[in-house]
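Engineer: Take this structure first; my questions come after.
Read the figures in this text as sums done on the coordinates, not as results from a lab. Bear in mind that the values here come from a model prediction, so they are computed numbers and not experimental data. With ideal geometry, Cβ positions are generated from the backbone for all residues, glycine too; neighbour counts draw on all protein chains shown.
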Amino acid sequence: MKKIWEDFKKFAIKGNAVDLAVGVIIGAAFGAIISSLVKDVIMPPISLLSGGLDFSNKFVVLRAAKNGSAVFNTPTDAVKAGAITWNYGNFITLMINFLIVAGAVFLLVRMINRLREPEPAEKEPDKKDCPVCAMKIPFKAKRCPYCTSELSEAAAQ
């Protein structure tokens with residue numbers, strides 16, 4: 001039992017497990033924020049533009065309730081009455097929610113990647129100008145490949 005406890009402590013204290021836990025907690029909070037953004041900020045203008053359409057309450061009754069009623073205001077009312085519903089409006093809302101979350105995560109990762117990219121180091125030039133024809137030639141060249149002039153040792157360095 002002691003060995004299992006030691007192994008568990010090693011696992012739990014490792015950076016990966018702690019990082020994962022922090023990521024899950026932040027992800028859950030981020031998900032709640034995005035859900036509120038969709039429900040409270042994005043969907044009301046869409047509803048206004050579409051003439052009061054509220055996607056979350058759109059559904060089709062597949063099988064009427066046991067009491068024979070087939071007219072309900074919300075999918076919850078229909079399910080409580082015993083009807084079987086197809087809640088396509090809720091699916092649309094969740095798809096919009098997913099697209100917003102995916103876009104936000106993409107922008108966040110893109111921003112982090114830009115911060116992580118090192119500044120490109122200034123590369124030392126690997127060529128020099130030929131003193132006769134002014135073309136770019138390798139530093140170690142003893143003869144210019146363009147004008148075939150011989151380069152002195154001072155010019156070759």
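Engineer: Of (1) 12; (2) 63; (3) 32, which is the value of percent of Cα pairs over 28 Å apart derived from the coordinates here?
Structural biologist: It is the value labelled (2).
Engineer: Calculate the length of the line joining the C-alpha centroid of segment 1-34 to that of segment 89-133, in whole Å.
Structural biologist: 28
Engineer: Moving on. Work out the length of the dipole vector of segment 14-90 about its Cα centre, built from +1 on the beta-carbon of each Lys and Arg and -1 on the beta-carbon of each Asp and Glu, and round it to the nearest 20 debye.
Structural biologist: Magnitude of the dipole: close to 280 debye.
Engineer: What are the trypsin sites (Lys or Arg not before Pro) within segment 1-104 that DSSP puts in a loop, where the Cβ has at most 12 other Cβ atoms within 10 Å?
Structural biologist: Within segment 1-104, the qualifying trypsin sites (Lys or Arg not before Pro) (loop, at most 12 other Cβ atoms within 10 Å) are LYS14, LYS66.
Engineer: Hey, rough spin-label estimate for ASN73 and ILE4, points 7 angstrom out along Cα→Cβ, what's it come to in nanometres?
Structural biologist: So the label points at ASN73 and ILE4 sit 5.4 nm apart.
Engineer: Moving on to the next point. Extension gain LEU37-LYS123, at 0.36 nm per residue separation less the Cα-Cα distance, in nm?
Structural biologist: 26.3 nm
Engineer: Can you sort LEU49, LEU151, LEU37 from fewest to most other Cβ atoms within 10 Å of each residue's own Cβ?
Structural biologist: Result, fewest neighbours first: LEU49, LEU37, LEU151.
Engineer: Right, another one. Quick one: CYS130, CYS147, fewest Cβ neighbours within 10 Å first, how do they rank?
Structural biologist: So the residues, fewest neighbours to most, are CYS147, CYS130.
Engineer: Under a point-charge model restricted to the Cβ atoms of Lys and Arg (+1) and Asp and Glu (-1), what is the dipole moment magnitude of the chain relative to its Cα centre, in debye to the nearest 20?
Structural biologist: 540
Engineer: Would you pull out the residues with amide H under 5 Å of LYS128's amide H, same chain only if 5 or more places away, H placed 1.01 Å from N?
Structural biologist: Distant-sequence amide H within range of LYS128: ILE137, PHE139.
Engineer: Turning to a different aspect of this structure: Which of TRP5, TRP86 has the fewest other C-beta atoms within 10 Å, and how do the rest follow up to the most?
Structural biologist: TRP5, TRP86
Engineer: Pull up all non-local amide H partners of ARG143: gap of 5 or more, or a different chain, and H-to-H distance under 5 Å with H placed in the peptide plane.
Structural biologist: Sorted by chain and number, the residues that satisfy this are LEU151.
Engineer: Pop a pseudo-label 7 angstrom from the Cα along the beta-carbon direction at both ALA28 and PHE98 and give the gap in nm to one decimal.
Structural biologist: 2.2
Engineer: Once you sort the root eigenvalues of the Cα gyration tensor of segment 36-79 as a ≥ b ≥ c, which label holds: rounded (a/c under 1.5), prolate (a/b larger than b/c) or oblate (the other case)?
Structural biologist: Prolate, because a/c is 1.5 or more and a/b exceeds b/c.
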